[in-house]
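Structure first, commentary second.
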Amino acid sequence: MAPIDYNKVKLASAKHPKPPGVKFTYGTAGFRMKAELLDSVTFRVGILASLRSKKLDSKTIGVMITASHNPEEDNGVKLVDPYGEMLEQSWEEHATKLANAESDDDLVNVIQDIIVNTGLDGSNDSSIVYARDTRPSGPALVAAVEDALKVLGAKTLDFGVKTTPELHYVTRCLNTTGTEDAYGEPTEEGYFKKLGDAFRELVERKPHPSALTVDAANGVGAPKIRQLAEVVGEFIDFNVVNDDIYTKGKLNFQCGADFVKTQQRAPPGMNLVSGVRACSFDGDADRIVYYYADEDGKFRLLDGDKIAGLAASFIIDLVRTAGLGDIKIGVVQTAYANGSSTAYLTNVLKVPVSCVPTGVKHLHHEAEKYDVGVYFEANGHGTVLFSSHAINSIRSAKGGTPEQVEAINRLSALTNLINQTVGDAISDMLFVESILTNKQITLKQWDQAYTDLPNRLVKVVVADRHIFRTTDAERKLVEPKGLQDKINTIVAPYTEGRSFVRPSGTEDVVRVYAEAATRQECDELAFKIAGLVFDEAGGVGERPKEFL
Ligand code: G16
């Protein structure tokens with residue numbers, strides 16, 4: 001216990017000056033921008049992490065340095081709360097104020113304001129665990145965080161180069177060890193052992209599927225999947241591609257989940273012929289999408305919506321078979337969810353579906369409202385949450401028949417297999433593989449649950465994306481004024497047409513989504529709306545082109 005020495009804070013801060021004229025915002029997943037602009041931000045996020053820990057009775061807070069799916073030259077930093085969830089939203093404002101303090105004196109003033117406004121005791125101890133992905137800019141940004149933690153006397157654990165979900169996992173483990181909510185061993189070995197044991201329980205004694213090609217986006221997922229293979233290798237063969245984490249410029253370049261989802265094709269160089277089973281991670285391995293080629297060699301995507309449908313239908317069946325009818329299951333999506341997926345969940349699986357704004361932080365909290373909350377963004381980011389009621393019901397259930405006992409055991413294994421802190425490509429991959437193995441179905445059979453409406457996601461660069469404001473879970477624009485009416489007029493004639501526009505919280509672009517009954521209508525609609533945004537809201541550079 002020691003009070004904060006503000007002179008030392010100022011001296012340390014002077015080594016991490018804020019670049020003048022830059023405005024930082026804590027966006028969809030923390031601060032994210034060109035790495036060269038982030039030194040002061042990461043230093044200050046280190047300060048915020050320590051303050052957050054002090055506020056929460058010295059619980060361990062996680063700091064992750066990553067820009068996930070963004071290009072390699074970007075980086076980012078975000079905080080993880082004690083149970084592995086994203087930073088509580090009310091603290092995002094503190095983060096933004098700290099990051100934008102112009103001088104060292106201003107920084108001290110903001111720290112003091114946070115202390116007063118949150119009622120925290122600045123002399124409390126603090127404890128921080130931090131990790132980074134494989135970006136070349138990572139070590140210098142870690143050093144900036146460490147400078148802040150040192151000056152505030154925080155207890156620290158350097159978790160090294162890890163996937164983002166591993167950092168979320170270990171944060172929760174560190175805070176629950178020795179309690180009845182203990183989540184696992186707070187080590188990487190503990191993480192792989194937990195997943196490996198649960199996967200073994202779900203798939204042993206079943207015929208194994210053919211090898212899985214994993215595109216690791218030339219990111220941290222590549223070495224991690226090799227570690228995973230050491231614990232589950234007897235049940236599944238991985239063929240890892242795009243695993244070059246050393247050559248500059250390769251991270252997320254023409255590969256990875258975001259490329260595959262937005263381009264709707266396999267990464268160049270992957271030999272995706274009929275019969276190959278493939279999936280892609282993103283740069284920090286918190287997203288996953290699956291795909292295959294049909295008999296005609298046509299690319300078929302199984303995105304986050306398809307994973308949500310597969311997961312929900314499997315869990316619904318297990319809960320029913322186990323006789324645990326009081327467990328209420330729900331699915332959470334965003335506006336990007338394909339219209340066909342929402343119709344499938346609602347009309348076929350008959351589960352309640354909620355729609356929330358983009359960002360795991362929004363989906364996670366909505367999913368907590370169910371006993372079993374399945375949440376997935378179409379981009380492949382998602383997980384399943386089991387409430388304590390659900391976990392207690394599963395653990396205490398005995399089952400009267402062998403089928404019931406088996407269903408209960410599988411549900412129990414799922415609660416260990418699924419990383420309930422955040423979307424996790426490795427855990428989600430094992431989850432999907434265990435469902436496919438249990439059902440003994442192919443990717444094509446999984447795909448047949450419903451047919452996606454053709455859809456298109458376009459990025460439009462504008463002078464200031466902050467002029468865009470949305471409502472209704474981002475499905476409608478409020479500002480720029482009048483733009484939504486024009487969008488409505490363009491969409492109206494399209495069969496099953498839908499389109500919305502929202503500012504990205506991770507990239508300096510505006511995103512345009514469109515779907516319609518046919519590929520031609522969809523592409524035409526996306527082109528028209530993207531052009532409208534470009535023309536009416538300060539488009540920069542080249543006007544969006546037609547899709548040929
Ligand atoms: C992050 C968030 C996701 C979000 C994505 C894109 O993903 O964690 O929830 O869908 O950004 O957000 P936006 O459209 O606002 O740029 P990741 O994988 O980059 O961390």
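The values are calculated or read from the model by the stated rules, or taken from the named source; none is laboratory data. Because the structure is a prediction, the values reported are computed rather than measured. Here the Cβ positions follow ideal geometry from the backbone for every residue, glycine too, while neighbour counts run over all protein chains shown. Ligands, DNA and RNA are excluded from the accessible area calculation, which covers all protein heavy atoms including side chains. Shrake-Rupley method; radii C 1.70, N 1.55, O 1.52, S 1.80 Å.
So which of 324, 318 ends up being part of a helix (DSSP H, G or I) and away from the ligand (no atom under 16 Å from the Cβ)? After applying the criteria, what remains is 318.
Out of 14, 2, one residue alone is at pLDDT 95 or above, farther than 30 Å from residue 259 by Cβ and either over 25 Å from the mean Cα position of the chain (by Cα) or within 16 Å of the ligand (Cβ to nearest atom) (or both). It is 14.
When the residues of region 17-38 are narrowed to those that are β-branched (Val, Ile, Thr) and under 15 Å from residue 503 (Cα atoms), which ends up farthest from the ligand (Cβ to nearest atom)?
25
Taking region 440-548 and the helices (runs of 4 or more DSSP H) fully enclosed by it, the elements with 1 or more residues that are modelled with pLDDT of 95 or more, among the β-branched types (Val, Ile, Thr) and within 16 Å of the ligand (Cβ to nearest atom) are at 519-536.
If only one of 336, 344, 370 is within 16 Å of the ligand (Cβ to nearest atom) and of a type in the set (Phe, Trp, Tyr), which one is it? Don't jump to the end; show me each part of the working.
Working: 344 fails: within 16 Å of the ligand (Cβ to nearest atom); 370 fails: within 16 Å of the ligand (Cβ to nearest atom).
None of the others qualify; the one that does is 336.
Of the strands (runs of 3 or more DSSP E) lying entirely inside region 59-178, those containing at least 2 residues that are within 16 Å of the ligand (Cβ to nearest atom) and not acidic (Asp, Glu) span 60-65, 74-80, 127-132.
Quick check on this structure: which one of 385, 436, 430, 414 is open to solvent by less than 20 Å² (accessible area, probe 1.4 Å), at pLDDT 95 or above and in contact with a Pro (Cβ under 7 Å, 6 or more places away or on another chain)? Spell out the reasoning first.
Values: 385 fails: in contact with a Pro (Cβ under 7 Å, 6 or more places away or on another chain); 430 fails: in contact with a Pro (Cβ under 7 Å, 6 or more places away or on another chain); 414 fails: in contact with a Pro (Cβ under 7 Å, 6 or more places away or on another chain).
Within the list 385, 436, 430, 414, the selection yields 436.
You will find that of 107, 87, 141, 98, the residue that is farther than 18 Å from residue 16 by Cβ and buried (at least 21 other Cβ atoms within 10 Å of the Cβ) is 87 and no other. Every test in (1) within 16 Å of the ligand (Cβ to nearest atom); (2) in contact with a Pro (Cβ under 8 Å, 6 or more places away or on another chain) is passed by residue 236 save one, and that test is (1). Name the pairs whose Cβ atoms lie under 7 Å apart, with the first residue in region 421-435 and hydroxyl-bearing (Ser, Thr, Tyr), the second assigned to a helix (DSSP H, G or I) and open to solvent by 10 Å² or more (accessible area, probe 1.4 Å), and 6 or more positions between them or separate chains? Short answer, once both residue conditions are applied: 421/172.
Determine, yes or no, whether residue 353 is among the aliphatic types (A, V, I, L, M) and touching a Phe, Trp or Tyr at 6+ places or on another chain (Cβ under 8 Å).
Details: among the aliphatic types (A, V, I, L, M): yes; touching a Phe, Trp or Tyr at 6+ places or on another chain (Cβ under 8 Å): no.
When the stated conditions are applied, residue 353 does not pass them.
Is at least one residue of region 253-262 open to solvent by less than 60 Å² (accessible area, probe 1.4 Å) and in a loop (DSSP other than H, G, I, E, B)? Yes; the residues of region 253-262 include at least one that is open to solvent by less than 60 Å² (accessible area, probe 1.4 Å) and in a loop (DSSP other than H, G, I, E, B).
So is residue 147 surrounded by fewer than 17 Cβ atoms within 10 Å (Cβ to Cβ) and not small (Gly, Ala, Ser) or not?
Working: surrounded by fewer than 17 Cβ atoms within 10 Å (Cβ to Cβ): no; not small (Gly, Ala, Ser): yes.
Answer is no for this residue.
So that you can scan it fast, the table gives a plain yes or no per residue for (1) modelled with pLDDT of 95 or more; (2) closer than 27 Å to residue 200 by Cα; (3) of a type in the set (Val, Ile, Thr):
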position	(1), (2), (3)
236	yes, yes, yes
241	yes, yes, yes
253	yes, no, no
271	no, no, no
292	yes, yes, no
299	yes, no, no
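Of the residues 385, 453, 483, the single one that is closer than 28 Å to residue 221 by Cα, of a type in the set (A, V, I, L, M) and touching a residue at least 12 places away in the same chain (Cβ under 8 Å) is 385.
Rundown of residues vs (1) of a type in the set (Phe, Trp, Tyr); (2) within 25 Å of residue 454 (Cα to Cα); (3) out of contact with any Lys or Arg (no Cβ under 9 Å at 6 or more places or on another chain), yes/no style:
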| residue | (1), (2), (3) |
| --- | --- |
| 210 | no, no, no |
| 232 | no, no, no |
| 243 | no, no, no |
| 252 | no, yes, yes |
| 272 | no, yes, no |
| 289 | no, yes, no |
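Scan region 332-357 for residues that are assigned to a loop (DSSP other than H, G, I, E, B), open to solvent by 20 Å² or more (accessible area, probe 1.4 Å) and of a type in the set (Ser, Thr, Tyr) and jot them down. The one that is assigned to a loop (DSSP other than H, G, I, E, B), open to solvent by 20 Å² or more (accessible area, probe 1.4 Å) and of a type in the set (Ser, Thr, Tyr): 336. Within region 332-360, no residue that is closer than 14 Å to residue 305 by Cβ and assigned by TED's automatic domain parsing to the domain that holds residue 470 sits with its Cβ atom under 6 Å from a residue that is at pLDDT below 95 and surrounded by fewer than 19 Cβ atoms within 10 Å (Cβ to Cβ) at 6+ positions apart or across chains.
Just give me the residues in region 4-63 being among the aromatic types (Phe, Trp, Tyr), open to solvent by 10 Å² or more (accessible area, probe 1.4 Å) and more than 25 Å from residue 357 (Cα to Cα), in sequence order. Passing the criteria: only 6. Number of residues in region 18-54 that are farther than 13 Å from residue 145 by Cα and among the β-branched types (Val, Ile, Thr) equals 3.
Go through region 270-305 residue by residue and tally those that are away from the ligand (no atom under 16 Å from the Cβ) and among the acidic types (Asp, Glu). Count: 3. For region 210-234, filtered to residues that are free of Cβ contacts under 8 Å to residues at least 60 places away in the same chain and over 17 Å from residue 286 (Cβ atoms), the residue that is farthest from the chain's Cα centre (by Cα) is 234.
Of all residues in region 493-505, those that are more than 16 Å from residue 531 (Cα to Cα) have Cβ atoms under 9 Å from Cβ atoms of residues that are open to solvent by less than 60 Å² (accessible area, probe 1.4 Å) and basic (Lys, Arg), 6 or more apart or on another chain, in 504/465; 504/511; 505/32.
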